[in-house]
Amino acid sequence: MSRFAIMLNGSTDEVGPTANGLEYAIDLDKHGNEVVVYFDGASTQWPGLLGEKPEHPVNKYFTEVQERGLIGGACGYCAHAFDGAEGCEAAGIELLGGAEDHGPDVGELVADGFDLITVG
């Protein structure tokens with residue numbers, strides 16, 4: 001079993017990369033790997049948008065990733081900078097690092113054996 005941390009960075013205008021990143025997480029999980037998804041940068045706006053638009057095509061992947069318990073959190077700094085904090089919190093996504101520090105600590109993730117996959 002391998003360990004993967006998927007770092008989503010795509011804005012809400014980038015449907016394909018975001019859907020693909022979430023789909024990668026689902027597929028890796030189905031094959032028995034440990035997977036954690038993080039929202040970073042402009043992608044911290046996705047949870048709020050998906051909460052407002054349940055018919056959005058990305059929602060089917062987002063919902064499955066949530067149901068599988070694969071979401072590790074969102075960068076707190078980026079969520080505040082991109083006005084995504086409220087949407088992340090409403091979706092039950094933990095803000096990592098707070099409003100003044102980036103999170104997650106990618107160095108720590110790598111030290112813990114995670115391979116980083118950046119999508120966006």
Just to confirm a number: summing +1 for Lys and Arg and -1 for Asp and Glu over residues other than residue 22 whose beta-carbon lies under 15 angstrom from that of residue 22, what do you get?
-4
Mind checking which of 57, 17, 47 has the largest fluctuation in a GNM of the chain, springs on alpha carbons under 10 Å?
57
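Could you work out the relative contact order of the chain? I mean the mean sequence separation of Cα pairs under 8 Å and 6+ apart, divided by the number of residues, in percent. Display every interim value, and only then the final one.
Numbers: 236 pairs, mean separation 40.4, N = 120.
Computed value for the chain: 34 percent relative contact order.
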Using amide H atoms built in the peptide plane, which far-off residues or other-chain residues are under 5 Å from residue 117 H to H?
5, 6, 7
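Sorting 44, 18, 12 on the 10 Å Cβ count, fewest up front, what's the list?
Ranking 44, 18, 12 by Cβ neighbours within 10 Å, fewest first, gives 12, 18, 44.
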With just the Cα atoms defining each centre, how far is segment 1-51 from segment 63-120? Give it in Å.
10 Å
Given Cβ charges of +1 for Lys and Arg and -1 for Asp and Glu, the option among 4, 47, 98 whose Cα lies farthest towards the positive end of the dipole of the chain is 4
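Values quoted throughout were computed directly from the atomic coordinates according to the rules given, and no laboratory measurement underlies them. Nothing here was measured: the structure is a model prediction, and the numbers come from that model. Because the Cβ atoms are built from the backbone with ideal geometry, glycine has one as well, and the counts that use them run over all protein chains shown.
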